[in-house]
Amino acid sequence: MSDISMNASQDGPGARLVRHRDLRRWAKAADFRLVAPVLDDDAALLRGDFVQLVLRSGLQLHATDVWDLHDLETQAVQEPGLTFSLFLEGGVTAHVGERAFAMGRRDGTSGPIEAVVVARARREMFRRVSACGTHIRKVTVTVSPQWLEESGLDTIEDHRGVLAFSRSHLASLRWTPSARLVSLVEQILKPPPYAPLMRNLYVESRTLDIVGEALNAVAHADIAAQDRTAAAMLRPKDYARVRAVCEFVDAHLDDAVTLDTVARHVGMSVSTLQRVFRAARGTTVVDHIRARKLERAREALERDGVSVNEAAFIAGYANPANFATAFKRTFGVPPRHFRARL
């Protein structure tokens, strides 16, 4: 794992500046160039935190929580691969080859957060345009063709389309990320104050989770389109009820929560609850409850070093073997993998 940069150079209390020379150094292999404005190497381009990590062969993370200090246009060469981007704040116009992609929200308007994936089957020039004063909070993850080829996706029937998508030059997909994916991005942008090795492992685990959800979105693009259509028909009252469901579930993770109980709490029938929740969140209530319990168990493994048996109890599993199976299916690795990192 290579930590290329975890934050910008310090220039006084609380000031973190990314200078022209910093970006030139960090992106040297990509033939980085500042197109406009014309500034010397010592000029500050960004203020805030700038993270560039090579997590493992074929997997890279770029995370920023920065303010643009100029109207900036930069360019660099991108290698083949899939790039997933999720902007929590701000936005840019990205040009990949001859295609332009609006990412995030450039005009400051509110609205649902979108995740974007762009496929590159060959090397392309990447050009980024952003406005002075824009606050960019985003995470970008890139996976190489080799990483995808070795992932075993071709053995999973409903994920074989991911490889075909990755080979379609400049193919793209937008989808509404789950609340869990947004939370993972927040955790990467604001990691705990761990020592460097632990911090990098913490970031890597969340990056792998982001890749998993993103690949699933690509694999089920048609289903995602149907869900977006259904979501467009929901009313503000429906979204308020979905938020109430999530809050109720989080407050009763230690209880045996049933669909009937949740439906009564938000004043809906069970069938309406399931339809509205799936349209708004892209998952079922039952799967959401199960995922939240597994996430809490994983946090206990990482943070508190509990045993696998204790983690199984936290997640509501009487059988640790069943817990381990569900955990690996969700996070891609067995629970002991997380505990071993302490």
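The values are calculated or read from the model by the stated rules, or taken from the named source; none is laboratory data. The model shown is predicted, which means the values in this text are computed figures rather than measured ones. Heads up, the Cβs are rebuilt from the backbone with ideal geometry, glycines too, and the neighbour counts pull from every protein chain shown. Keep in mind that these areas ignore ligands, DNA and RNA; they rest on the heavy atoms of the full protein, side chains included. Shrake-Rupley method; radii C 1.70, N 1.55, O 1.52, S 1.80 Å.
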Odd one out for LEU23, checked against (1) over 22 Å from the mean Cα position of the chain (by Cα); (2) outside any helix (DSSP H, G or I); (3) buried (at least 19 other Cβ atoms within 10 Å of the Cβ): (2)
Yes/no for LEU17 being open to solvent by 50 Å² or more (accessible area, probe 1.4 Å) and among the hydrophobic types (A, V, I, L, M, F, W, C): no
Subset tally (residues that are assigned to a loop (DSSP other than H, G, I, E, B), of a type in the set (Val, Ile, Thr) and open to solvent by less than 50 Å² (accessible area, probe 1.4 Å)) for segment 37-82: 0
Any hit, segment 289-298, residues being open to solvent by 70 Å² or more (accessible area, probe 1.4 Å) and within 30 Å of ALA115 (Cα to Cα): yes
Filter result (at pLDDT 65 or above and assigned to a strand (DSSP E or B)) within segment 4-20: ARG16, LEU17, VAL18, ARG19
Some residue of segment 234-246 being modelled with pLDDT under 85 and either assigned to a helix (DSSP H, G or I) or of a type in the set (Ser, Thr, Tyr) (or both): yes
Residue within segment 163-184 that is among the aliphatic types (A, V, I, L, M), in contact (Cβ under 8 Å) with a residue 12 or more places away in the chain, buried (at least 16 other Cβ atoms within 10 Å of the Cβ) and not in a helix (DSSP H, G or I) present: yes
Complete set of residues in segment 299-309 that are surrounded by fewer than 16 Cβ atoms within 10 Å (Cβ to Cβ) and more than 20 Å from the chain's Cα centre (by Cα): ARG303, ASP304, GLY305, SER307, ASN309
